[in-house]
Amino acid sequence: MKKLAFRFAKRIAILGLLVTLALAAFAVIWACIYRLPRSQPILVDLRSGATGGNAGNDRCLMICAGLANNPHGYPGHCYIVWDRSKPERLEYADSDGFVPGRLIDLLPSLYSDISGVIADHALIGNMRNFDYLAVRLDRGPYAKARAIRARFVADAKFHTGVRDCVAYVDEIAEAAGLKTPPCRFVYPLDYIAQLKKLNSPAFESAVSVLKE
């Protein structure tokens, strides 16, 4: 009986060690990947007309990601900076993101809907490893993008990986006229990297060459 109990305890110890090593490896990989610059920010011009449309009829926004506002930066945060196309003086910009209403609800949000909120000044504390795609667009698509914000305010159900900060910026990106990647269960910095790849002029040129 003692031998059986010893074997069981030994297996549990080995399993616990393997889980600990796996978590440690994940933490190291995550720290290396998400603390290094991923790619250069880009500016996409979606204004109508060959020369960018009527200069008095255009707006701009930035779709951003960075490490989260906690000591480890995990798991990152996506947010919008309105009426900016360059990173200068962002501390004065209007920015927002979709987050859980209460920090204690973050764990339940993994498997159920919780109450979320549109958080203003979203870039504050979320600019480590800052990355973005800026877009210039006409007022019509811009108004559609702003309407997404109002919809999330009215229906504030938050669900990690399903209807979270990435889903929020994804809907705004689509309303703005950008090509959008899959956004379910995607890290914010990964989402921005994929969004830039899909909308990069260099990527468009490469696709055209391949099609020809």
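The values are calculated or read from the model by the stated rules, or taken from the named source; none is laboratory data. Computed from a predicted model, the values in this text were never measured in an experiment. Cβ: placed from backbone, ideal geometry, glycine included. Neighbour counts: every protein chain shown.
Data overview
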{"item": "Some residue of region 149-157 being surrounded by fewer than 18 Cβ atoms within 10 Å (Cβ to Cβ), touching a residue at least 40 places away in the same chain (Cβ under 8 Å) and of a type in the set (D, E)", "result": "no"}
{"item": "When residues of region 53-106 are limited to those that are in contact (Cβ under 8 Å) with a residue 24 or more places away in the chain and on the phi > 0 side of the Ramachandran plot, the one surrounded by the fewest Cβ atoms within 10 Å (Cβ to Cβ)", "result": "D83"}
{"item": "Complete set of residues in region 135-169 that are closer than 20 Å to I42 by Cβ and in contact with a Cys (Cβ under 6 Å, 6 or more places away or on another chain)", "result": "R136, V166, V169"}
{"item": "Count of residues meeting criterion [farther than 20 Å from G76 by Cβ and either at pLDDT below 95 or out of contact with any strand residue (DSSP E or B) (no Cβ under 7 Å at 6 or more places or on another chain) (or both)] in region 157-174", "result": "1"}
{"item": "Subset of region 118-149 (residues that are of a type in the set (A, V, I, L, M), more than 22 Å from H72 (Cβ to Cβ) and touching a helix residue (DSSP H, G or I) at 6+ places or on another chain (Cβ under 8 Å))", "result": "I118, L133, V135, L137, A145, A147, I148"}
{"item": "Residue selected from region 173-189 under the condition out of contact with any Leu (no Cβ under 8 Å at 6 or more places or on another chain) and without any contact (Cβ under 8 Å) to a residue 60 or more places away in the chain, by the criterion farthest from R59 (Cα to Cα)", "result": "F185"}
